[in-house]
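Bear in mind these aren't lab numbers, they're just calculated from the coordinates by the rules spelled out. Please read these numbers as outputs of a predicted model, since none were measured by experiment. Note that each Cβ is placed from the backbone with ideal geometry, even for glycine, and that neighbours are counted across all protein chains shown.
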Amino acid sequence: MNTPVIVIGGGLAGTEAAWQLARRGHRVRLYEMRPVRQTGAHISDKLAELVCSNSFGSKLPDRASGLLKTELHQLGSLLLDLAEHSAVPAGGALAVDRDAFAELVTTAIQQHPNIELIREEMPNIPTTPTIIASGPLTSDALSAEIAKLSGQEYLYFYDAISPIVTLESIDFDIAFRASRYERGDEAEGDYINCPMNRDEYQAFVTALLEAETIELKQFEREDPHFFEGCLPIEQIAARGRDSLAFGPMRPIGLRDPRTGTRPYAVVQLRRDNLIGTLYNIVGFQTNLKWGDQKRVLQMIPGLANGDFVRYGMMHRNTFINSPTLLQPTMQFRTRDDLYFAGQITGVEGYMGNVATGLLAGVNMARHLAGEPLLTLPRTTMLGALCHYVTHAEAKDFQPMKANFGILPEIEPHIKDKRLRYQAYVKRALGDLEKAISAPEATPAL
């Protein structure tokens, strides 16, 4: 334990990994290049800054994201605990005040006596025990070093950020509060809805398709891959005029109080901070030029005078070819004291990033103690996620987030989806308990 472990990246995965090591008595040097060198997507120097949505996904126990959260509670996640302490109302989802959350994480890391936070870029891969959690915006220098180490080209895709609007600029003579299904704790209307009739929707789509987007760089134009789960709205609209109405603008479960009928389409806004002064537009990632973006977004009923404190943007995301490079333990295949974690591994979603950071930290601690590494059962959500990104077809590898489709089937097959998901959850939590209570797993947990 004399040699400190190097953790590269102060995002969700890196901070969780650093914490897991530190709480087990290991000294950690956590490298975060901001604010010395910014990324183009971040706006502060805080650790674990969220640059896309402020939602960590569903917290319902019979949802894939909810199951992953339950598993992380069992595994002792710091960041999940801090997310819950900075939560804002979001119905069945766990959404946070992004500034409060980042502040809590930064304080926790800075105050831990075993963690040294170093504000500078790490341009190479150390030869001592290292966890690389540099994220999708890994610096060019470190990217080149990882490519040299792996002997492979990077894969990449493009992730888009949703706009944020002030509450006071929303017209509530048109917009209304309601959740799609008014279920349980969603009944108080945690979402603001901007309804559209058919003519308003068609005019909006036309303006969207005619608007200018920010020009990609030459190397980006040659091969622009978009992650399917985070497509810009203009890309969705280009697939067909009704694509948005059946996607992020679907009106199912909502009725316009002015007419008593279901709108043709609806734009939903979700609270973005604890005091409720800011709302992000759900599923409205975009790469429109900011002038056109303001014009098009203000066509949304209720947002004619919208005051946008952040416009949408798109940035390059980088991830490694994990199926050829990593073990399900997050260990690099050809170097025992090197681990990867977070979005750079091809894991999508905030909680997936936290979870792989936790597993990398736990397994690095086990490696340093000479103990067997922890490989979680594929029947658990985290185990299935790690298995997927390390066993997918390498030539077609794409990022993956937590979902029930990556879990092994229940035998015999349960036709009712709700009952099937409940069975998945029961099996996962039982198998996780067995895995972490096994004698060989106990020391590192």
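Below is a table of values for the structure above.
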| read-out | value |
| --- | --- |
| Nearest-20 debye value, the chain charge dipole, Cβ charges on Lys, Arg, Asp, Glu | 700 |
| Exposure proxy order (Cβ contacts within 10 Å, fewest to most) of D45, D337 | D45, D337 |
| Estimated inter-spin distance, W290 and A144, nm [label 7 Å along Cα→Cβ] | 3.1 |
| Pairs beyond 22 Å (Cα-Cα), from K395/K415; K69/K426; K148/K395; K59/K415; K401/K426 | K395/K415; K59/K415 |
| Selected from N305, N321, N363 as most flexible by GNM, with the chain as the system and alpha-carbon contacts under 10 Å | N305 |
| R27/A394 FRET efficiency (R0 35 Å; Cβ-Cβ; nearest 0.05) | 0.45 |
| Neighbour-count ranking [beta-carbon atoms within 10 angstrom, fewest first] of K148, K69 | K148, K69 |
| Relative contact order %, the chain, counting alpha carbon pairs below 8 Å whose residues are six or more apart | 21 |
| Proxy reagent accessibility, fewest Cβ within 10 Å first, across L385, L358 | L358, L385 |
| Charge dipole of the chain about the Cα centre (unit charges at C-beta), most positive-ward option of P372, P129, Y421 | Y421 |
| Dipole-positive endmost among L244, F172, G352 within the chain (Cβ charges, Cα centre) | G352 |
| Most mobile listed residue (T286, T334, T356) in the chain, GNM with C-alpha springs under 10 Å | T334 |
| Dipole of the chain [Lys/Arg +1, Asp/Glu -1 at C-beta], most positive-end residue of H387, L12, L407 | L407 |
